[in-house]
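The values are calculated or read from the model by the stated rules, or taken from the named source; none is laboratory data. Values in this document were obtained by computation on a predicted structure and should not be read as measured data. No Cβ is skipped: glycine too gets one built from the backbone with ideal geometry, and neighbour counts run over all protein chains shown.
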Amino acid sequence: MTAVSEKAKQLRSVGRIVAPPPVHWVGDGFRVHGFLPHGPLNVERMSPFFLLDYNAKYNFPPSTNLLGVGPHPHRGFETVTIAYRGKVAHHDSRGGGGAIGEGDVQWMTAGSGLLHKEYHEEQFNREGGEFQMVQLWVNLPAKDKMTEPKYQAITNAEMGRFELPEGGYVEVIAGEYEDVKGPASTFSPVHLYNLKPKAGTSLTLSFPSHYTTAILAIEGSATLNGEKKLLTNNLVVFENDGEEFTVTADEDSVLLLMAGEPLNQPIAQYGPFLMNTNAEIAQAIDDFNQGKFGYLAD
Ligand code: MN
């Protein structure tokens with residue numbers, strides 16, 4: 001053992017706890033609480049995460065119209081869609097696509113740009129039912145913004161799984177937890193887990209102190225560092241004053257943990273484009289107008 005690993009880890013304080021912001025609709029298929037970028041949190045402070053839309057549990061009635069968002073472009077970042085309830089389908093202008101259901105994730109690298117559309121999966125749309133989703137935008141480092149677009153479909157069975165000795169488990173989507181790795185490839189250090197502790201289970205998490213670290217309570221509630229309560233549908237952002245913190249489930253819970261190294265780069269955003277400079281945004285708009293993002297039928 002080295003002197004470094006013997007050093008006691010500094011406790012990371014609980015920072016801001018944010019109640020779900022008012023809902024807005026994304027197309028006619030996603031009824032979301034927009035925690036980022038227009039909520040109360042600063043986007044520089046939340047890097048590498050840029051957008052966090054949370055469709056809290058909502059019952060969609062059966063529909064004959066296909067609900068969702070039609071073709072739109074993206075450039076300069078990755079969209080990560082996590083399905084908790086219901087099913088969502090995706091198609092892009094490069095032939096990528098598919099449907100994901102409960103527990104699955106779509107990790108789409110927009111990179112240099114594509115068009116995609118996001119809809120409720122057809123059968124789910126027809127029958128209706130409970131729907132619960134997260135969409136997280138992970139920013140790309142400047143050198144990777146124009147990378148080739150790609151698409152990772154990650155089924156629940158493919159995720160890393162760490163059994164918690166006290167009850168429940170951790171699903172690792174990206175990064176690693178206790179040497180269990182997640183299947184998603186990322187361009188900068190990102191850890192994304194579903195913590196699924198049983199009532200009363202405590203777990204300790206640790207990330208470098210400068211990492212942006214947050215938890216969204218999807219189901220249930222938890223006590224953080226033995227003192228602060230995180231209620232269902234609330235988001236906590238931890239401070240950067242230490243590495244380690246504890247989460248104790250007050251009931252059987254599902255908690256989305258996101259941690260990542262800040263990119264420390266300028267942010268220029270216009271709608272679906274997320275770049276470093278206004279000139280790059282102007283270029284994206286030009287390229288879009290010239291059809292360089294490809295073609296995708298409604
Ligand atoms: Mn999109």
For this session: Within segment 27-36, identify whether any single residue is small (Gly, Ala, Ser), part of a loop (DSSP other than H, G, I, E, B) and either in contact (Cβ under 8 Å) with a residue 40 or more places away in the chain or within 16 Å of the ligand (Cβ to nearest atom) (or both), and answer yes or no.
Result: yes
For this session: With the condition kept exactly as written, say whether any residue in segment 106-124 is surrounded by fewer than 19 Cβ atoms within 10 Å (Cβ to Cβ) and under 27 Å from GLY260 (Cα atoms).
Result: yes
For this session: Among the residues of segment 109-131, write down those that are assigned to a strand (DSSP E or B) and either away from the ligand (no atom under 11 Å from the Cβ) or not charged (D, E, K, R) (or both).
Result: THR109, LEU114, LEU115, HIS116, TYR119, HIS120, GLY129, GLU130, PHE131
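Tell me whether segment 265-279 contains one or more residues that are without any contact (Cβ under 8 Å) to a residue 24 or more places away in the chain, part of a strand (DSSP E or B), within 16 Å of the ligand (Cβ to nearest atom) and touching a helix residue (DSSP H, G or I) at 6+ places or on another chain (Cβ under 6 Å). Reasoning before the result, please.
Here is the first cut: in segment 265-279, the ones without any contact (Cβ under 8 Å) to a residue 24 or more places away in the chain are 266, 268, 270-271, 277-279.
Filter once more, so that each one left must be part of a strand (DSSP E or B): 268, 270.
Checking the rest, the ones that are also within 16 Å of the ligand (Cβ to nearest atom) come to 270.
Going one step further and asking which of them are touching a helix residue (DSSP H, G or I) at 6+ places or on another chain (Cβ under 6 Å), we end up with 270.
The answer is yes, given that some residue of segment 265-279 is without any contact (Cβ under 8 Å) to a residue 24 or more places away in the chain, part of a strand (DSSP E or B), within 16 Å of the ligand (Cβ to nearest atom) and touching a helix residue (DSSP H, G or I) at 6+ places or on another chain (Cβ under 6 Å).
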Exercise. Would you pick out the residues in segment 245-298 that are in contact with a strand residue (DSSP E or B) (Cβ under 9 Å, 6 or more places away or on another chain), at pLDDT 95 or above and among the acidic types (Asp, Glu)?
Worked result: ASP250, GLU251, ASP252, GLU261, GLU280, ASP287
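For segment 51-92, how many residues are within 13 Å of the ligand (Cβ to nearest atom), within 18 Å of the chain's Cα centre (by Cα) and assigned to a strand (DSSP E or B)?
Initial filter on segment 51-92 (within 13 Å of the ligand (Cβ to nearest atom)): 51, 53, 68-81, 88-92.
Among the residues that remain, those that are also within 18 Å of the chain's Cα centre (by Cα) are: 51, 53, 74-81, 88-90.
Applying the additional criterion that residues be assigned to a strand (DSSP E or B) yields 51, 53, 74-75, 77-81, 88-90.
Within segment 51-92, residues that are within 13 Å of the ligand (Cβ to nearest atom), within 18 Å of the chain's Cα centre (by Cα) and assigned to a strand (DSSP E or B) number 12.
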Exercise. When segment 204-248 is examined, which residues are found to be of a type in the set (Gly, Ala, Ser) and closer than 14 Å to ILE17 by Cα?
Worked result: ALA214, ALA217, SER221, ALA222
For this session: Go through (1) surrounded by fewer than 20 Cβ atoms within 10 Å (Cβ to Cβ); (2) in contact with a Gly (Cβ under 7 Å, 6 or more places away or on another chain); (3) part of a strand (DSSP E or B) one by one and return the number of the condition THR232 breaks.
Result: (3)
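Taking GLN135, is it within 18 Å of ASN156 (Cβ to Cβ) and either among the polar types (S, T, N, Q) or more than 16 Å from the ligand (Cβ to nearest atom) (or both)?
Considered against the rule, which asks whether it is within 18 Å of ASN156 (Cβ to Cβ) and either among the polar types (S, T, N, Q) or more than 16 Å from the ligand (Cβ to nearest atom) (or both), GLN135 comes out as yes.
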Problem set entry | Enumeration of residues in segment 94-108 that are in a loop (DSSP other than H, G, I, E, B), modelled with pLDDT under 95 and out of contact with any Phe, Trp or Tyr (no Cβ under 6 Å at 6 or more places or on another chain) | ARG94, GLY95
Seminar exercise, completed: Only unsatisfied item for GLY113, checking (1) in contact with a helix residue (DSSP H, G or I) (Cβ under 7 Å, 6 or more places away or on another chain); (2) free of Cβ contacts under 8 Å to residues at least 24 places away in the same chain; (3) not charged (D, E, K, R), is (2)
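Do you know which residues across segment 200-219 are of a type outside the set (S, T, N, Q), farther than 18 Å from ARG45 by Cβ and buried (at least 20 other Cβ atoms within 10 Å of the Cβ)? Can you show your working first?
Looking only at segment 200-219, we keep the residues that are of a type outside the set (S, T, N, Q), and these are 200, 203, 205, 207-208, 210-211, 214-219.
Still in the running and farther than 18 Å from ARG45 by Cβ: 200, 203, 205, 217-219.
Scanning segment 200-219 gives LEU203, LEU205, ALA217, ILE218.
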